Amino acid sequence: GWCPLSPAGAQTTQLLVEPPWTPAVLWDQVTLTCQGSGTTNVTTWYKDGQRWGQEGPDNFTVTKSGNYTCDRPGSGLSPPVTVSDDWLALEVPALTLVEGDTVTLRCRV
């Protein structure tokens, strides 16, 4: 049957971070999950703008700091996620915040 999906082109690829804090820090055992339309396990990963491995799984645990993006056929490239290996990080929840929201900050050392 007919599905009331969003208009063509409006679907976007999302890069989910677990634990859900930004900036992500390497020593948190960060898992990145690529969410988009279409078939599973056909994600193309990019690290610092370079293609990083072949088409593969939709999620993995990060072992190197850098800027990660993922690409899914049908929904395109995700916004980038930075994984830092700084020894000090001020983190905010990895979700969209608007002015007036109450937010918990984490200082990680």
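The values are calculated or read from the model by the stated rules, or taken from the named source; none is laboratory data. Here the structure is a predicted model, which is why all the values come from computation and not from measurement. Heads up, the Cβs are rebuilt from the backbone with ideal geometry, glycines too, and the neighbour counts pull from every protein chain shown. Heads up: the accessible areas ignore ligands, DNA and RNA and are worked out on the full protein's heavy atoms, side chains in. Shrake-Rupley method; radii C 1.70, N 1.55, O 1.52, S 1.80 Å.
Table for the structure above
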item	result
Test: residue in the range 50-57 that is in a loop (DSSP other than H, G, I, E, B), in contact (Cβ under 8 Å) with a residue 12 or more places away in the chain and within 13 Å of Val25 (Cα to Cα)	no
Check on Asn67, touching a Lys or Arg at 6+ places or on another chain (Cβ under 8 Å) and free of Cβ contacts under 8 Å to residues at least 24 places away in the same chain	yes
Inter-residue pairs, beta-carbon under 9 Å, first farther than 16 Å from Gly56 by Cα and open to solvent by less than 20 Å² (accessible area, probe 1.4 Å) and in the range 71-90, second among the charged types (D, E, K, R) and part of a loop (DSSP other than H, G, I, E, B), 6+ apart	Val83/Lys64
Residue selected from the range 96-109 under the condition assigned to a strand (DSSP E or B) and either surrounded by 10 or more Cβ atoms within 10 Å (Cβ to Cβ) or in contact with a His (Cβ under 7 Å, 6 or more places away or on another chain) (or both), by the criterion modelled with the lowest pLDDT	Arg108
Every pair of residues 6+ apart whose Cβ atoms lie under 7 Å, when the first sits in the range 21-48 and is within 12 Å of Lys64 (Cα to Cα) and at pLDDT 90 or above while the second is in a strand (DSSP E or B) and basic (Lys, Arg)	Val25/Arg108
In the range 68-95, residue modelled with the lowest pLDDT [restricted to those that are closer than 27 Å to Thr39 by Cα and not in a strand (DSSP E or B)]	Leu95
Matching residues in the range 23-49 - criterion: being part of a strand (DSSP E or B) and buried (at least 18 other Cβ atoms within 10 Å of the Cβ)	Ala24, Val25, Leu32, Cys34, Thr43, Trp45, Tyr46
Matching residues in the range 58-67 - criterion: being assigned to a loop (DSSP other than H, G, I, E, B) and surrounded by 13 or more Cβ atoms within 10 Å (Cβ to Cβ)	Asp58, Val62, Ser65
